[in-house]
Structure formats: structure tokens, C-alpha cells
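Here is the structure we will look at, set down as C-alpha cells.
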Amino acid sequence: MDEQQDIGPKIEKSFDLVGKRWTGLIIYVLMGGPKRFTEIHTMIPYLSKRMLTERMKELEEQGIVVRHVLPERPIRTEYLLTKKGTELGKILCQLSHWAENWVKE
């Protein structure tokens, strides 16, 4: 990266989004396919239900996640990544590979 390059608003906004606590993990979990709210919560146990709800709304507003209501009895709701979310998830998967090699527990 050129040291003289300005950080534009799109780059700043993307880092703000991914840098929010739990956002990256939620996207990473959804890379495994559609999940129900409780499944996401179970896979990220320290994430409160209130915070998960807040992050899911933010991700929906950004077009990264879509909430899909299944017409079953009882009604089931699943969350899945959009194309935009899947592209971001691929980047986060690369980060997970980096973490396996370089981050100490």
C-alpha cells in the first residue's frame, strides 16, 4: 500500500463494520450455511442474545445477511449470507487460516 494513499470513506466504513465486536464471527459462522438464531448463539456462546439481535439487524441493513422466514409450523427463521456477505466471508476465512498459523492461544 502506498503511504500517500488516502483512506477513502468506503474503506473506512468496511473496516468499521468488520471491526465491530462479534460481526466477523457471525459472518464466519454463516459461511457454513443458513443458521437459525439459536444455532448462531450456540456457536458463539459468549455473545448475548441482545447483542446478536443488534448485529443481525446491522448486517441485514448492510445487505450482508438476509432473514428468511420458512412457512412451517411452528414458523422457523433462518439467516443466510447474501452474495455480498459470502464475498466478505471468503476474506474472513482467509483471516482464519492466518490465525491458525500466527495467533497464539
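Every number in this text was worked out from the coordinates using simple rules, so none of it is lab data. Quantities reported herein were computed from a predicted structural model and do not represent experimental measurements. Virtual Cβ from ideal backbone geometry, glycine too; neighbours counted across all protein chains shown.
Looking at the structure I just gave you, is residue 83 of a type in the set (D, E, K, R) and surrounded by fewer than 10 Cβ atoms within 10 Å (Cβ to Cβ)?
For residue 83, the condition - of a type in the set (D, E, K, R) and surrounded by fewer than 10 Cβ atoms within 10 Å (Cβ to Cβ) - is met.
Any residue in the range 72-97 that's aromatic (Phe, Trp, Tyr): show its pairings with residues that are part of a strand (DSSP E or B) and loosely packed, with under 12 Cβ neighbours inside 10 Å at Cβ separation under 9 Å, as long as the two are six or more apart or on different chains.
These pairs meet every condition: 79/68.
Would you call residue 40 surrounded by fewer than 11 Cβ atoms within 10 Å (Cβ to Cβ) and aliphatic (A, V, I, L, M)?
Details: surrounded by fewer than 11 Cβ atoms within 10 Å (Cβ to Cβ): no; aliphatic (A, V, I, L, M): yes.
No: the conditions fail for residue 40.
What's the total number of residues in the range 58-81 that are part of a loop (DSSP other than H, G, I, E, B) and within 20 Å of residue 43 (Cβ to Cβ)?
As a first pass, look at the range 58-81 and keep what is part of a loop (DSSP other than H, G, I, E, B): 62-64, 71-75.
Then keep just the ones that are within 20 Å of residue 43 (Cβ to Cβ); that gives 64.
Total meeting the criteria: 1.
How many residues are loosely packed, with under 11 Cβ neighbours inside 10 Å and either outside any helix (DSSP H, G or I) or touching a residue at least 60 places away in the same chain (Cβ under 8 Å) (or both) if we restrict to the range 7-31?
Count: 3.
Among all residue pairs at least 6 apart or on different chains, which show Cβ distances below 9 Å where the first residue, located in the range 32-54, is within 17 Å of residue 85 (Cα to Cα) and the second is of a type in the set (Val, Ile, Thr) and assigned to a loop (DSSP other than H, G, I, E, B)?
Close Cβ pairs satisfying both conditions: 52/44.
Need the failing condition index for residue 46 against (1) touching a Cys at 6+ places or on another chain (Cβ under 9 Å); (2) more than 17 Å from residue 89 (Cβ to Cβ); (3) not β-branched (Val, Ile, Thr), just the number.
(1)
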